[in-house]
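All remarks here apply to the structure that follows.
The values are calculated or read from the model by the stated rules, or taken from the named source; none is laboratory data. Remember, it's a predicted structure, so these values are computed and weren't measured experimentally. Cβ placement follows ideal geometry from the backbone for every residue including glycine, while neighbour counts extend to all protein chains displayed. Surface accessibility is based on the protein's heavy atoms, side chains included, excluding ligands, DNA and RNA. Shrake-Rupley method; radii C 1.70, N 1.55, O 1.52, S 1.80 Å.
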Amino acid sequence: TGDPGASMMIAAAFSCLFLGDSIDVGAAAAVRARYGVTCDVAAREGVSAATVASWPPIAKAYDTAIVSLGSNIPDDPRLAERIAGIRAVLRARRVIWLLPYHRGAAAVVTRIAIRFRDDRLDLAAIATGDGVHPDYRALADALVD
């Protein structure tokens, strides 16, 4: 289910970022609705790791970044290279990777997370209706507990 310390410790002046695909769009909305925590969102529905890798690096530094990549085009042969490049320029004290339901993509993301000593939250532990998107209330609870 991910690392035991994968929750986002909410505190005063806490800065957070959701970076990635539609899973992060939904997760950010659920965290805001359930817990009143507003994070910056650099996420779009349907984006691939290649698309996010083409975006300019985010200049701001964050306490926590929640990254969801690999669900769209999970068999991209350059997925590891792309997400490693994204991670290399991401400025956050803590990064939590949301591991895709697609097990191959989850393995790739896991390798990058381990390389950077990042936390992981495996979406496979959260109910899904379509095999791609989680139950967002459950995901928000897993991120903020």
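Numbers at a glance
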{"item": "Residue list for region 23-60, filter: in contact (Cβ under 8 Å) with a residue 40 or more places away in the chain and surrounded by fewer than 20 Cβ atoms within 10 Å (Cβ to Cβ)", "result": "29, 33, 34, 35, 37, 58, 60"}
{"item": "Residue identified as of a type in the set (Val, Ile, Thr), under 13 Å from the mean Cα position of the chain (by Cα), at pLDDT 95 or above and surrounded by 18 or more Cβ atoms within 10 Å (Cβ to Cβ) among 108, 67", "result": "67"}
{"item": "Verdict on residue 132 being among the hydrophobic types (A, V, I, L, M, F, W, C) and more than 13 Å from the chain's Cα centre (by Cα)", "result": "yes"}
{"item": "Residues of region 94-128 that turn out to be of a type in the set (A, V, I, L, M) and assigned to a strand (DSSP E or B), as a count", "result": "5"}
{"item": "Qualifying residue in region 16-31 (condition: among the β-branched types (Val, Ile, Thr) and touching a His at 6+ places or on another chain (Cβ under 8 Å))", "result": "yes"}
{"item": "Residues satisfying the stated conditions in region 70-85, i.e. closer than 17 Å to residue 22 by Cα and open to solvent by 10 Å² or more (accessible area, probe 1.4 Å)", "result": "71, 72, 73, 74"}
{"item": "Region 125-145 - residue that is of a type in the set (Gly, Ala, Ser) and free of Cβ contacts under 8 Å to residues at least 60 places away in the same chain and, of those, most open to solvent (accessible area, probe 1.4 Å)", "result": "129"}
{"item": "The lone exception for residue 129 - which of (1) on the phi > 0 side of the Ramachandran plot; (2) small (Gly, Ala, Ser); (3) at pLDDT below 95 it fails", "result": "(1)"}
{"item": "Among (1) farther than 17 Å from residue 123 by Cα; (2) at pLDDT 95 or above, the one test that residue 57 misses", "result": "(2)"}
